[in-house]
1. Using only DSSP helix segments of four residues or longer, with each worth -39500 (n - 2.57), what per-residue ellipticity at 222 nm results for the chain after dividing by its residue count and rounding to 500?
2. Out of 269, 366, 255, whose Cα points farthest toward the positive end of the dipole of the chain (charges: +1 Lys, Arg; -1 Asp, Glu; placed on Cβ)?
3. In degrees between 0 and 90, to the nearest 10, how far off the longest principal axis of the chain does helix 334-345 point, with axes built from Cα atoms?
4. Could you pull out the GluC sites (Glu not before Pro) across the range 30-132 that fall in loop regions by DSSP (anything but H, G, I, E, B) with no more than 14 other Cβ atoms inside 10 Å?
5. Considering only C-alpha atoms, what is the centroid distance from the range 54-70 to the range 77-103, in Å?
6. About the Cα centre, and with charges only on the beta carbon of Lys, Arg (+1) and Asp, Glu (-1), how big is the dipole of the range 1-87? Nearest 20 debye, please.
7. Just rank 219, 231, fewest to most, by other beta-carbon atoms within 10 angstrom.
8. Based on C-alpha coordinates, I'd like the Rg and Dmax of the range 5-123, in Å.
Amino acid sequence: MPVWRIRDFHDDDLDQAVQVWDQSRADDEPAPVFPISEVMAAARTGQPAVVALVGDELVGTAVAQTDGERAWVLLVALAARWRHRGIGSDLLAELERRLRASGVRRISALLPEAATGTAALRNSGYRSRERLVYFEKVEHLPAADAGLLETLGGRVLPSGLWNAMAGMEREKQIVERRIVLPLKEPELVERYGVVPPKAVILFGPPGTGKTSFVKAVASRLDWPFVELFPSRLAAAGGPAGLAAALREVYADITALESVVLFIDEVEEIAGVRTGRAADPGHMVTNELLKLIPGFREHDEHLMVCATNSVRSLDPAFLRPGRFDYVIPIGPPDTEARAAIWKRYLGSAAETVTISRLVEATEMFTPADIEFAARKGAQAAFEREVIHRKGEPATTDDYLAAIQDIRPTLTDQMLREFHEDMERYTRM
């Protein structure tokens, strides 16, 4: 009968240890709490780790990590044909000797039920704790990504931006169903064969909230948000410089583990090409078209491009293979304007007639309404500073503000937007 021996883990054991770990897991076994990359990193940085060998063949490994008087058993793995022979118990016994020598008094292990190693733990005197629930939260910004994100001018946005978006319920439903949910529910996506989106275009008149939608999506996913500014890339100097700058920035962005990449006014770098090789924009548009497929290969990466004029984009840019959806974000309807007014009025919503404000702002975008609300509040504030009568802001304060603002939307914009909806929408 073959005899095994146990010794400390050596760096050159790495490949065989990973193979043993792979053999030790059943196909239907849940993912381990401690991934193999974390386990091997602990072993290679001096944490207690031992291996079992039969001749020159590595047949088992056990790794722990210490934290003061407590240690966690990260891994007990055995090659398939060497199970149930007592090797696991011997590995644990040797691991425990090292842990006790370092002052550890409490040794814990967290494994899927019936996983390889559970029998060895029971045979070695470990007792299971019933009625415990394991909680885990994974941060999507590893330490290695933090510096890169700062270099790119990106940030992790505060939670709650999605719920803070007032009105635009139709657009919110579309964005949630097509973009957010497929990315937040990976298990359901796999079960039903849904392909989560990797690249999306939002189009509509200026000020309708396209940027706010993208930030809200990043907040909802808890992914870092990076905005790529075509005008800043253009400072690289000429189309050749812009193409090179675009390629360099994309290389950095794709190195992030997760990201929502936002390109506003994308028509600046993806406008309709003339077909002439000498066309200054030809090189830049070609470069962007080449970069999109590579971006789509990464998990937890979403690119959202926004434009006020979808008809000005190059036809090749709009093909389904590059963008999953082309979604219109239109001006707010009556209900949406009412919700937006309530949001920006705050406590003043109790003292004004919102229906009059909604009626007076038919051609206003959400951004226009926000500005009108601030302007009306400022007028009421200045009146109070002068007269000190304790009077609240009135409907007339806000109507006066509305009269002083030129709305963003025009009849021509709306006509073109509805034409574009008929021609370009894909969702």
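1. Counting only the DSSP helices, I get -13000 deg cm²/dmol.
2. Going by the Cα projections, it comes out as 255.
3. Between helix and principal axis, roughly 80 degrees.
4. Those satisfying the criteria are 69, 113, 130.
5. One Cα centre to the other: 7 Å.
6. For this selection, approximately 360 debye.
7. 231, 219
8. 12.9, 37
Bear in mind that the values in this text are calculations on the coordinates, not laboratory data. What you see is a predicted model, and the numbers here were worked out from it, not measured in a lab. Every residue, glycine as well, gets a Cβ built from its backbone with ideal geometry; the counts of neighbours run over all protein chains shown.
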